[in-house]
1. Look through segment B:110-147, keep the residues that are outside any helix (DSSP H, G or I) and in contact with a helix residue (DSSP H, G or I) (Cβ under 9 Å, 6 or more places away or on another chain), and return whichever of them is most open to solvent (accessible area, probe 1.4 Å).
2. Looking for whichever is of a type in the set (A, V, I, L, M), at pLDDT 95 or above, under 21 Å from B:Leu17 (Cα atoms) and touching a strand residue (DSSP E or B) at 6+ places or on another chain (Cβ under 9 Å) here; the options are A:Leu64, A:Leu33. Which one fits?
3. Given (1) within 16 Å of DNA strand C (Cβ to nearest atom); (2) without any contact (Cβ under 8 Å) to a residue 40 or more places away in the chain, identify the lone condition not met by B:Glu91.
4. Checking A:Tyr153 against (1) under 30 Å from B:Val11 (Cα atoms); (2) surrounded by fewer than 18 Cβ atoms within 10 Å (Cβ to Cβ); (3) within 12 Å of chain B (Cβ to nearest Cβ), which single condition isn't satisfied?
5. May I ask you to list the residues in segment B:109-146 that are more than 9 Å from chain A (Cβ to nearest Cβ) and of a type in the set (Phe, Trp, Tyr)?
6. Please identify the pairs in which a residue from segment A:55-66 that is more than 14 Å from chain B (Cβ to nearest Cβ) and within 13 Å of A:Leu33 (Cβ to Cβ) has its Cβ atom under 9 Å from the Cβ atom of a residue that is near DNA strand D (Cβ under 7 Å from one of its atoms) and among the β-branched types (Val, Ile, Thr), counting only partners at least 6 apart or on another chain.
Number of protein chains: 2
Amino acid sequence: MEFKEAKNKFVQTWGALGSQWGINKTMAQIHALLMVSSEPVSMEDIMEELQISRGNASMNLRALMDWGIVYKEYKAGERREFFTAEKDLDELAVKISRERSKREIKPALKVLKEVSSIEANATAEEKHFVEQTTKLYDFVLKADNVLDKITEYKDNWLTKLVIKIMK
Amino acid sequence: MEFKEAKNKFVQTWGALGSQWGINKTMAQIHALLMVSSEPVSMEDIMEELQISRGNASMNLRALMDWGIVYKEYKAGERREFFTAEKDLDELAVKISRERSKREIKPALKVLKEVSSIEANATAEEKHFVEQTTKLYDFVLKADNVLDKITEYKDNWLTKLVIKIMK
DNA sequence: ATAAACTTTCATTTTTTTTTGAAAGTTTAA
DNA sequence: TTAAACTTTCAAAAAAAAATGAAAGTTTAT
């Protein structure tokens, strides 16, 4: 396999993986492209390489920056903007995890708390509902906290976690 | 909030959360419905409660069973099939994690290994590509293994993990 | 202040994903 | 073996999500 082929395969795979995890394909592809680029890349080049429109590139780059995993860079004497991805994988995982927690898990927790707090009247159905949603609330809260703790280790959190688990 | 309202809110929220994580909305809603039902539910009732077609119900129930998180049940003297969800949350999380690893992470790892193994010729770009994809391969492999180890604790793995991390 | 060189926005179009529903298939009881 | 009571399948329709591209907006150099 030659470089161009490998790069393309990587970008396609990363895009497909993104889709399966609720991230739009192009967004994941742009991220993949930036991840393996040693130099900052211009919007023009992203459009060219992924064969996408200007609008699409612009919107997805904005989204990636909102996630905090892609940065704008300015080159001296160049009017154009260039983009780079967060390349430190520990940091990348921490940011994605924080963002998903904030956007998706926290709001879900709020709802779980609400619905598990209803007056459970006589019926077995209602009792079971309250019991099950309460368990779910506790579980999700605990998982969210664990993730938070783990990623707080900062440098090399994954390796540190491996060590903790092993011993 | 009364029971019916709470139940509906829970089902809707679980459905929306599913979408954000790449699981089709109806599939997540059916799962939510079964999670909080104390008794097995017939396909007819699922269709009625979620206002979906027979085909949709059938296909998504099949998918949930393929994931191993919903079971068919037969009631004595009843021709119809009934469905229940895995209600143990530890077990549920383990199954989802195993399944996503098998379906999505493992194939992605295979590609990462492939593309990181190309002959890195002279250019800095190629060198960076190999370096970055190799790091990514190591990271994803390690994360996948950690998840596997954690869920191996079986009963109460999440609580056990909390304890390990805290001390 | 002007205009060139860019980027962003968003109504419209395209693509992808999901849902429908009717026909085909299966199981059970008589 | 027949037929009633179910479930599954899948081509077509509908809905949802993503992409386009041109107009509007912004920035910078002169």
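1. The first filter runs over segment B:110-147 and keeps only residues outside any helix (DSSP H, G or I), leaving B:117-123.
From the residues that got through so far, the ones that are in contact with a helix residue (DSSP H, G or I) (Cβ under 9 Å, 6 or more places away or on another chain) too are B:117-121, B:123.
Values: B:Ser117: 81, B:Ile118: 16, B:Glu119: 149, B:Ala120: 46, B:Asn121: 92, B:Thr123: 67 Å².
Applying the filter and picking the extreme gives B:Glu119.
2. Working: A:Leu33 fails: under 21 Å from B:Leu17 (Cα atoms).
The unique qualifying residue is A:Leu64.
3. Every condition holds for B:Glu91 apart from (1).
4. Condition not satisfied by A:Tyr153: (1).
5. Selection gives B:Tyr137 alone.
6. Close Cβ pairs (under 9 Å, with a partner that is near DNA strand D (Cβ under 7 Å from one of its atoms) and among the β-branched types (Val, Ile, Thr)) amount to A:Ala57/A:Thr26; A:Asn60/A:Thr26; A:Asn60/A:Ile52.
The values are calculated or read from the model by the stated rules, or taken from the named source; none is laboratory data. Given the structure is predicted, the values throughout are model-derived calculations rather than measurements. Cβ coordinates were reconstructed from backbone atoms using ideal geometry, including for glycine residues, and neighbour counts include every protein chain displayed. Remember, those area values only see protein heavy atoms, side chains included, never the ligands or the DNA or RNA. Shrake-Rupley method; radii C 1.70, N 1.55, O 1.52, S 1.80 Å.
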